[in-house]
1. Output the 0 to 90 degree angle, nearest 10, between the alpha-carbon long axis of helix 74-86 and the longest principal axis computed from the alpha carbons of the chain.
2. Compute the angle between helix 110-133 and the longest alpha-carbon principal axis of the chain, please, reported from 0 to 90 degrees and rounded to the nearest 10.
3. So, with +1 on the Cβ of K and R and -1 on the Cβ of D and E, and no other charges, what is the size of the charge dipole of the chain about its Cα centre, to the nearest 20 debye?
4. Go through the stretch 47-152 and name the chymotrypsin sites (Phe, Trp or Tyr not before Pro) that are in a DSSP coil and have 15 or fewer other Cβ atoms within 10 Å of their Cβ.
5. Across the chain, how many lysine pairs separated by 8 or more positions, or lying on different chains, have Cα atoms within less than 15 Å?
6. Taking a point 7 angstrom from the Cα of Arg146 along the C-beta vector, which residues in the stretch 60-80 have backbone N less than 14 Å away?
7. Rounded to the nearest 500, what is the chain's calculated 222 nm mean residue ellipticity when only DSSP H runs of at least 4 contribute -39500 (n - 2.57) each, over all residues?
8. Where a ≥ b ≥ c are the square roots of the eigenvalues of the C-alpha gyration tensor, would you call the stretch 92-167 rounded, which needs a/c under 1.5, or, failing that, prolate if a/b is larger than b/c, or oblate?
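Each reported figure results from applying straightforward, stated rules to the coordinates on display, with no laboratory input. Remember, it's a predicted structure, so these values are computed and weren't measured experimentally. Don't worry about glycine lacking a Cβ; one is built from the backbone with ideal geometry, like all the others, and counts go over all protein chains shown.
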Amino acid sequence: MRAPSNNLPDMSKRCDEPMQPPDGPKCKERPTQACDWIGHAWYNVCKDCNGNARAGDLGLDEAVLAQTQNHMCSECAQETKIRFTQHPTSEIQARECLCIGQIRMAWLCGTHRNEATQYVEGRAKFFEYSRKTRGLYGKCPVCDDREGDDSTGVWECGACRETVIAP
């Protein structure tokens, strides 16, 4: 996937998304934007189909989002918040990690939004599996000692490993 585009809508190209069922006729609405997936720039998606993919079965649901969040203990979370306050341009992300942000922000066709979501989910499950096999599941991903605390609002993404501070 490339960086989310800020392209102006194209009035000449029709939407290539299939209507329900997935192999149904194409939407053909206008205006459209090209899919942000690299190599799929010829494929155009209208605003309604993009919104349907974000909100529907192809979108990022809360269960996948929860799987990516490995919460820090209160001590490590406090240190992370202080570091972010002192260095707001650091590697710490405010609100969401890079992979979740790209899925939410990118203009993707339904197929590629689904693939990106499945990829993030798979990476998060692998991270969870590796933590379980080492006896670290549920522990803080920074110190690996104390229990993670979801009330801190600070976590490490299990897919991209970015540190996130919830607003």
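1. 60 degrees
2. Tilt relative to the chain: about 20 degrees.
3. Using Cβ point charges on Lys, Arg, Asp and Glu, the chain gives about 420 debye.
4. Details: sites: Phe84, Trp107, Tyr119, Phe126, Phe127, Tyr129, Tyr137; in loops: Trp107, Tyr137.
Answer by residue number: Tyr137.
5. Lysine pairs, 8 or more places apart or on different chains, close enough: 5.
6. 71-80
7. Working: 5 runs with 61 residues, N = 167.
Taking each H run of at least 4 residues, the total per residue is -11500 deg cm²/dmol.
8. Numbers: a/c = 3.33, a/b = 1.52, b/c = 2.19.
Oblate shape, in that a/c is at least 1.5 and b/c is the bigger or equal ratio.
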